[in-house]
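Shown next, in structure tokens, is the structure this report addresses.
Taken together, the values in this text are just the output of simple stated rules run on the coordinates, not laboratory data. These figures come from a predicted structure and were not determined experimentally. Because the Cβ atoms are built from the backbone with ideal geometry, glycine has one as well, and the counts that use them run over all protein chains shown.
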């Protein structure tokens, strides 16, 4: 049996949502979305993962740097 | 079963631990995040008329880089709760002096009234649907520049009126008041957009009389409770009838867009009504 090709589909933020998507309940602000990844669950349900710039407001800049790791 | 959006109430302001002047319904359409409310004020614009609660928040447009806005952002990112007095001082930063427009981007367009006949809308959704799509405006021919001399393009040569509700407002560094105007609370989907009570052009300008009239009406309605640097939210939202000229905010076509964090996800456009040439509140 051939190996299934696992592929993450990435889209630019501009391609990810039309106006109707954006107004769905629970969507993030359009200008916070930095990347969209298509995700297929083990149950074969397709989702869009919207990777955003949003974080907990009380997170300090230092905490964020630590979380994202050292920069080269 | 009662709707929890209407029945969930609280008086506690988690940002400061203080109590609100009256109960808040934090799940109601158009409310700010509870932890962004610095204080509340009762507001009765007309004797015997409707009363409102003003929620003064720590929310600003995320691209604001004034020293006061940066100071407030830093304060909110410190570990633990900021001292109430320090927070109050940061939110109450002094507004710009006077009433003259102090910005530069697309100044010619922002300070002009369009030439088109007045188009009337009864639903904000219809007004938003009438705007030329952003993708076309961004690739406009000729390109829309952000220099001060950038005037209105043909898609902006319209005048519109709409009846809606004022959910939030703030005063920007360029002396414009940003109004976050939305549909009625019972209408779905929720939808908001920015409308601006402009800073004033020079007195000899053709648009001066209309812009001055709208600004005076706005300031008179709020009196001492006119919004400051951070967004004030209104509970219930204030009925508003506006007239003005649509404007495409090319400056924010990329990067952060205008609006308070709590409502931005339901602001589908960077089209604005800017400037307002008439406003009737309450």
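Annotations for the structure displayed:
- For chain B, a Gaussian network of Cα nodes joined below 10 Å ranks B:191, B:137, B:267 by mean-square fluctuation, and the top entry is B:137.
- With R₀ fixed at 45 Å, the C-beta to C-beta distance from residue B:65 to residue B:122 puts the FRET efficiency at about 0.75.
- The base-10 log of I(q)/I(0) for the protein assembly as shown, evaluated at q = 0.07, 0.09, 0.10, 0.11 Å⁻¹, reads -0.32, -0.53, -0.66, -0.80 [Debye formula, identical scatterers on Cα atoms, solvent excluded].
- Neighbour-count order for B:215, A:46, fewest beta carbons within 10 angstrom listed first: A:46, B:215
- Two-site FRET efficiency, residue B:84 against residue A:53, from Cβ-Cβ distance with R₀ of 35 Å, rounded to 0.05: 0.75
- Residues in the stretch B:78-115 that a label on residue B:224 would reach, taking backbone N under 18 Å of a point 7 Å out along Cα→Cβ: B:89, B:92-95
- Förster radius 35 Å - calculated FRET efficiency between residue B:23 and residue B:92, Cβ distance, rounded to 0.05: 0.90
- Each label point was placed 7 Å from the Cα along the Cα-to-Cβ direction; for residue B:10 and residue B:136 their separation is 4.5 nm.
- Estimated [θ] at 222 nm from DSSP helical runs (n ≥ 4, -39500 (n - 2.57)) normalised by residues in the protein assembly as shown, nearest 500: -4500 deg cm²/dmol
- Put simply, the C-alpha atoms of the stretch B:1-138 give a gyration tensor, and the ellipsoid matching it has half-axes of 32, 25, 17 Å, longest first.
- Placing dummy labels 7 Å off each Cα toward the beta-carbon, the span from residue B:1 to residue B:41 is 4.0 nm.
- In terms of packing, defined here as the mean over residues of other Cβ atoms within 10 angstrom, the peptides B:159-166, B:89-96, B:114-121 line up highest first as B:159-166, B:89-96, B:114-121.
- Among B:145-157, A:33-45, sorting by the average number of other beta carbon atoms lying within 10 angstrom of each residue, highest first, gives B:145-157, A:33-45.
- Taking only alpha carbon atoms, chain B gives an Rg to Rh ratio of 0.96, where Rh is the Kirkwood radius.
- Largest GNM mean-square fluctuation across B:32, B:202, B:45, computed for chain B with C-alpha springs under 10 Å, falls on B:202.
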